[in-house]
Amino acid sequence: MTRRVKFLLALLVVAVATMGYYALRLKRQAEKLPSPAADTRPIAPPVAGPTEHVTLYVAYDSDGTLHKRQADIAVPGDPSERARQILRALISIYLDKKSPHPLGAGADVKYVFLVKPNMAIIDTNSAFADHHRSGILVEQLTVASIARTLAANVPGTIRVKILVEGKERETLAGHADLADFYDTAAGDQFPEAE
Amino acid sequence: MKHRTHFLAIPLALAVLVVTAAEDKYLTVYTPQAAYSIKVVDRNGREYVALLDVLLALGNPRVRVDGDKWKLRFNDTESEFKAGKTKAKVNRKDLHMPAPFVLESSQGFVPLPSLGPVISRLISVRLEFRETARRVFIGATTQFTAELQKTAPPKLVLRFSAPVNPSISTEPGKLRMVFTREPLIANVPAQTFDDKTIKGASFAEHDALAELTIQAGAPLQATFGDQNRTIIIAPVQQVQAQAAPPPEPPAATGPGGWPAQSATAAQGAASPVAHPRATVVIDPGHGGDDRGAALSASLAEKDVTLVWARRLRAALEQKGITAMLLRDGDTSLSSDQRAALANAARPQVFVSLHAGSTGSGVRIYTAHLGETGPRVGSFLPWDTAQAAFLDASRALAGSVAAEMHKHEIPAGTAPVFVRPLNNIAASAVAIEVMPPTADIAGLMTTGYQQSVCAAIAEGIAAVGKNGASGGAR
């Protein structure tokens, strides 16, 4: 083995050791950081289309209430897509860092089907349910906030069902029932605050 | 060739180092007030713990960082540790540690083997540190005796010196009890019994918990008694399912205004287990594979609800109101099974217990019901069986909330869409208990549990006195 080869091999060992050490440090640094499972940026409503004045019922964990908020968002003409964009505007509030009712990173509404004059089916993505906090109040506030927002903006909506990735799910995160239809006409669940 | 092997080994070893994820380790500290878990961290291949985390529950520690010096004032003692040094001054006396003190972001870490010597110099209470099992006992420990009663069938009676609440699981040939919150120790690690059904018992402690395993020749079940100071292990009783009995007239009135305990067993076709008729059925939420909410790193909702359910049963029984639990161990039950078992027992009141970490105090929920299905003869529609009892359930929720306010415990009521409330043919509420302050550990303090459960029992008793009848049956 020539001196040159020995030198190159030694250089290679040093390089491997340095890279290994650097990788170890990167791993430790990454472990210290909070680990967002997905993109946490709020979903932006569509930029095109006419702007509409909509009502959002925003959940507040601190006092267990729904706050009625007005918002102007751009919505498409198709009724189902319009309903979806209104719910996405609501969810974007929950994905904000300062949200009064944080939802898991990446939560989104995939489709809204307005099946009958009084029935809506909302298909959410897996992050919506899988990353949802567990607890009666927090889960119920999410369901009530979505159902009331939809009922406020799609007149006549009485029965709402939430699916996850197109499938039925027994509960949202161990408590709130998703197996059955949620009846918005059954009376107000949570106190409303302005 | 030899050199080449070494060159290959280095990157491989580094790759293994990078890929291997260290499992989290914890240390459990048992004090007379509470048990709490602290993360054990790895520094330079040794196990360390943050000293301040241990001391926070034992007194009033104050820390001042002066360069590489970590100065601690705890109660009336003063100590000084220096980063990178094995010698420290604890309560003004020198202490030699097997590894250097670590100072990171103002947090002081001591090597795990030094924890016992450090704490014993700072407090005057008796301390026992079991380093291998990572368990620290401050004050009294809990001991137990095991006695095999050769009855037919045989029973193993475990008597504990203090109340216990283990997680119980079974597997072929074994019944395992895991004690995470109790300072349980054993004088004898293993016992063998001259019996084919209950063959022996062995005790082990590891990973910050204690484990009691019963070796069995047949499936076993555990029942609790004497305010959780006694656990009786016996073979599982096989009960033949029977047709639902005809409706019974209300039983004689008991001390709480509700019917007194009836000797009649309510055995429904849907119920796999026979229960004596109880006035109140308590459903500890979750269980088995369903852990419920992770209230903290070591506190699962299913364990909290079971502790609270047992406490509530005791509070009700003190008022002369009979109560039964839907699960008295770590058992998986679906919401339909819970409703079927509860309805088969035909109680006057159903209480579903849950625990949460958002907020403080107690929330009392009734069913959020919309359209109700048509009644067919004397049968109620399964999905909306609660509808006929909703007024009684709301009255019950109001009564419990009023008692909470009398005890100065924050309480609110709301209707929710949570099973199995909708399927219950009785006055039914779901109660979500939260800690008294932001500290989740407060949920497990005996005083708080007793206070809240006493208020729930008084709320149930008050409704019983004012007229127990719910909806149509």
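Please treat every number below as a calculation from the coordinates, not as lab data. If you're wondering where the values come from, they're calculated on a predicted model, not measured in any experiment. Here Cβ is always computed from backbone atoms with ideal geometry, including for glycine, and neighbour counts include all displayed protein chains.
Using label points projected 7 Å from each Cα along Cα→Cβ, tell me how many nm separate A:LYS27 and B:ALA438, to one decimal.
Placing both labels 7 Å along Cα→Cβ, they lie 3.5 nm apart.
What is the average number of partner chain Cβ atoms found within 10 Å of a Cβ in A:9-17? Present the calculation step by step, with values, prior to reporting the outcome.
Working: counts 3, 1, 0, 3, 5, 0, 1, 7, 4.
What the average comes to for A:9-17 is 3.
Antiparallel versus total DSSP beta bridges in the stretch A:51-193: what percent is that, nearest 5?
The antiparallel proportion sits near 70 percent.
Which FRET efficiency value, to the nearest 0.05, is calculated for A:GLU168 and A:THR55 with the Förster distance at 22 angstrom and r the Cβ-Cβ distance?
Details: r = 28 Å, r/R0 = 1.29.
Here the calculated transfer efficiency is 0.20.
In which sequence would A:ASP78, B:ASP383 go, from the one with the fewest C-beta neighbours within 10 Å to the one with the most? Before the final figure, lay out each step's value.
Values: A:ASP78 11, B:ASP383 17.
Final ranking by Cβ density, sparse to dense: A:ASP78, B:ASP383.
Could you give the dipole magnitude of the stretch B:144-235 about its Cα centre, charging the beta-carbon of Lys and Arg +1 and that of Asp and Glu -1, in debye to the nearest 20? Don't skip to the answer; put the middle values down first.
Details: 9 positive and 9 negative charges, 50 e Å.
Dipole about the Cα centre, nearest 20: 240 debye.
Would you list which lysines come within 26 Å of B:LYS85, measuring only between C-alpha atoms, while excluding same-chain residues fewer than 8 positions from it?
Candidates past the 8-residue exclusion: A:LYS32, B:LYS25, B:LYS39, B:LYS69, B:LYS71, B:LYS93.
Let me check I've understood the local charge: for B:ARG159, count other residues with C-beta under 10 angstrom from its C-beta, Lys and Arg +1, Asp and Glu -1. What total comes out?
On the way: positive: B:ARG229; negative: B:GLU147, B:ASP226.
Cβ neighbours under 10 Å give a net charge of -1.
By the scheme Lys and Arg +1, Asp and Glu -1, what is the net charge of all other residues having a beta-carbon under 13 Å from that of B:VAL102? Show your work: numbers first, answer last.
Details: positive: B:ARG43, B:ARG46, B:LYS82, B:LYS85; negative: B:ASP42, B:GLU47, B:ASP68, B:GLU104.
Here the count lands on 0.
Over all residues in B:355-362, what is the mean tally of Cβ atoms on other chains that come within 10 Å of each residue's Cβ? Could the numbers behind the result be given before it?
Numbers: counts 2, 7, 4, 10, 7, 0, 0, 0.
Counting other chains' Cβ atoms within 10 Å and averaging over B:355-362 gives 4.
Can you check what the net charge comes to around B:HIS354, using other residues whose Cβ is under 11 Å from the Cβ of B:HIS354 (Lys, Arg +1; Asp, Glu -1)? Spell out each step's value before the answer.
On the way: positive: B:LYS302, B:ARG363; negative: A:GLU139, B:ASP283, B:GLU301, B:GLU432.
Local net charge: -2.
Please work out the FRET efficiency for the pair B:GLU131 and A:SER80, using the Cβ-Cβ distance as r and a Förster radius of 60 Å; give the result to the nearest 0.05. If you can, show how the numbers build up before the last one.
Numbers: r = 63 Å, r/R0 = 1.05.
Computed FRET efficiency for B:GLU131 and A:SER80: 0.45.
What is the packing order of peptides A:130-141, B:187-198, taking the mean over residues of other C-beta atoms within 10 Å and listing the highest first? Before the final figure, lay out the partial values.
Numbers: A:130-141: 23.4, B:187-198: 13.8.
Highest mean packing first, the order is A:130-141, B:187-198.
Ignore the peptide's own chain and count Cβ atoms of other chains within 10 Å of each Cβ in A:130-136; give me the average, rounded.
Details: counts 0, 0, 0, 5, 10, 13, 16.
Taking the mean over all residues of the peptide, I get 6.
If the chain between B:LYS465 and B:THR223 were fully stretched, how many nm would it gain, using 0.36 nm times the residue separation less the Cα-Cα distance?
That pair, B:LYS465 and B:THR223, stretches by 84.0 nm at full extension.
Pop the C-beta distance of B:ALA152 and A:LEU11 into the FRET formula with R0 = 56 Å and round what comes out to the nearest 0.05.
On the way: r = 80 Å, r/R0 = 1.43.
About 0.10, to the nearest 0.05.
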